[in-house]
Amino acid sequence: MLPPEVLAREVDEDDAVRQLTLRAATALDVATEADIRDYFRLAAGQAKPAIAKLVADGELERVDVEGWSAPAYLRAGQTIPRRDRGTALLCPFDPLIFFRPRVQRLFEFHYRIEIYTPANKRQYGYYVWPFLLDGELVGRVDLKADRSADALHVAGAFVEADRPPSLVADAMAGELQTMASWLGLGGVTVGDRGDLVGPLRRAVARR
């Protein structure tokens, strides 16, 4: 339900696309054209001229990122360096990880949702949540809200190579307890699949 003045408002398409492009670039911080385009699902024919206009107007800056094959863009006036040290379980549709090529570029983290993959061909599980710890993707966990058992069930838990399992498990246990709480579940149970389940089971038991 929208007020009549909103429904009656007419927005020029080029202006709208430029505004969406600028908002996407601002949210993403450093981003390629493909990253920016995907954020609001813009077509290449929309994003390319919008980015060019924003660069010409001084609102975006073209930058090169070591290891990236495509040029990137940065909102003019951004403070560099800027670092996000957040910790969270990320659902498969979280904006941080939705565009898989960007996730691979930024974090060297290969992620695919496997809900449509036959069970015997899944690598990690049905509904896997990547785990962000101190600004780095360090693991992943396959989760199910088991209402009959009044628990958030961890069907599988995995740690990324060269990450300390005990540190990851302890932080992950805290986030799982928080998730169980807002889901209205009594606790967390841990299954037996994955290289992190042992440390995670011990970390959950300590809480």
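The values are calculated or read from the model by the stated rules, or taken from the named source; none is laboratory data. Please read all numbers here as calculations on a predicted model, not as lab measurements. Using ideal geometry, Cβ is built from the backbone for each residue, glycine included, and neighbour counts are taken over all protein chains shown. Calculation scope for accessible area: heavy atoms of the full protein, side chains included, ligands and nucleic acids excluded. Shrake-Rupley method; radii C 1.70, N 1.55, O 1.52, S 1.80 Å.
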Give the lysines reachable from LYS144 as a straight Cα distance under 28 Å; neighbours fewer than 8 places away on the same chain don't count. LYS121
Accessible surface of VAL65 in the full protein assembly, 1.4 angstrom probe, to the nearest 10 Å²? 40
I'd like to know which of VAL17, ILE36, ALA47 lies farthest towards the positive end of the charge dipole of the chain, counting +1 on Cβ of Lys and Arg and -1 on Cβ of Asp and Glu. ILE36
Simple spin-label model, 7 Å along Cα-to-Cβ: THR87 to ALA56 in nm? 4.8
Probe of 1.4 angstrom, ligands and nucleic acids ignored: what's the accessible area per residue over the chain, in square angstrom? 58
Calculate what fraction, in whole %, of the accessible area of the stretch 1-76 sits on carbon and sulfur atoms when a 1.4 Å probe is rolled over the protein chains. 51
If I compute solvent accessible area with a 1.4 Å probe over the protein chains, what percent of it on the stretch 108-207 is carbon and sulfur? 49
Could you work out the Kirkwood radius for the chain, taking every pair of different alpha carbons, averaging 1/r and inverting it, reported in Å? 19.4
What three numbers, in Å, describe the spread of the alpha carbons of the stretch 1-71 along their principal axes, ordered from the longest? 49, 24, 20
